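In what follows, a structure is listed as structure tokens, so that the remarks can point back to it.
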């Protein structure tokens, strides 16, 4: 089982890190969605209005400038719509969350990240939320971030004056991320947020569903960050668990387990290249997830430092109402407990990832050991084959030696028989000498010719003919000759 089988993905330019020196760009049009969660007290009842929709250039400014703290009539369902007969002061505003959600696209020619706003619209959002310049720089970064800035005095509108802006960058799986900016106005207890993601595969529906489940706590500024952290932590836990299953399968394949109901396999029959590749990929994944878990601990630490401070930032209208004060205190307590729970989970995930890394290193060492054993077996077989070849060669050599000995035995007699068979001897005519008069001519030609052949052989062996030929040949012919030699060698 591969990680890609559990979390399928493919290499694509839009999923890569931004190159060094890259900057963010803006779209030609604004396109994002929004979620409003506004809390009111109607008599003794606590009500939360949830609204969703889309934003573009035509309605973004009006959405930002809308005074949501003004009381609105309430109908039978308590959603703030309808019933003209209800009094406009029947509900008291406690606070809430106004969140913009967008997806960053990718500019292929320039390899740059594009924000789903026009430049003018994004400047309006920046001014309204009081976001620092570091928000845009973090979009093209390669690390998680968590920091807080004080908002400029000219931020917001007449009915929304943020004092602090939190910026969080949560990694999901590299190089994907969530980037969140939250600006809080302590007077109206309203939090405006901007959430950007790298791809459309992120769990926006899950986040919106989770926010609605915790709508009673929507007045807390860090609720969105705390719930988004849970989504990121769940992704980390799923990948670590997937890695654990892969390591279990590799242990079974290598026969390195103690399960009595699973037969032991021959580890030397496994595909070592595939196992090594999977282990290297698992090691890289564990390193990324461990880094992400520890980065989440840092981000949650930033949230935890400001939990107590937010408990004191209660608007005047809320502090005058016991129900509103109790609701805000309950939200502060719940978010604080949620952050503490997330920190503990991240710490344990980091320990789990460290344990899985040790398992990966151990299995990698075992695979290398089996590779060494298989190589030794192969080398032993090669040595045995070489010995067999040497034995057969020795047999052939013995046969050749026997042939050479037999040749040496019969060669002198053959030479003598050949000489005597030549018409240079008078065997039948006793009146003439035994040697013919032409016998001397035979030796006069044979001996110099033999010496001349030996002389030519010596010249061909001892003289540097190749060096002389290279010096005599033109450069073009030398180059072609060398290239031809290389091609022949390949």
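A few comments on the model shown:
The rows are residues; the columns are (1) at pLDDT 85 or above; (2) not in a strand (DSSP E or B).
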residue: 28; (1), (2): yes, yes
residue: 36; (1), (2): yes, no
residue: 40; (1), (2): yes, no
residue: 50; (1), (2): yes, no
residue: 54; (1), (2): yes, no
residue: 78; (1), (2): no, yes
residue: 89; (1), (2): no, yes
residue: 98; (1), (2): yes, no
residue: 101; (1), (2): yes, no
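- Condition check for residue 349: part of a helix (DSSP H, G or I), within 30 Å of residue 214 (Cα to Cα), touching a residue at least 24 places away in the same chain (Cβ under 8 Å) and touching a helix residue (DSSP H, G or I) at 6+ places or on another chain (Cβ under 6 Å): yes
The values are calculated or read from the model by the stated rules, or taken from the named source; none is laboratory data. Note that this is a predicted model, so its numbers are computed, not measured. A quick note on method: Cβ atoms are made from the backbone with ideal geometry, for glycine too, and the neighbour counts reach across all protein chains shown.
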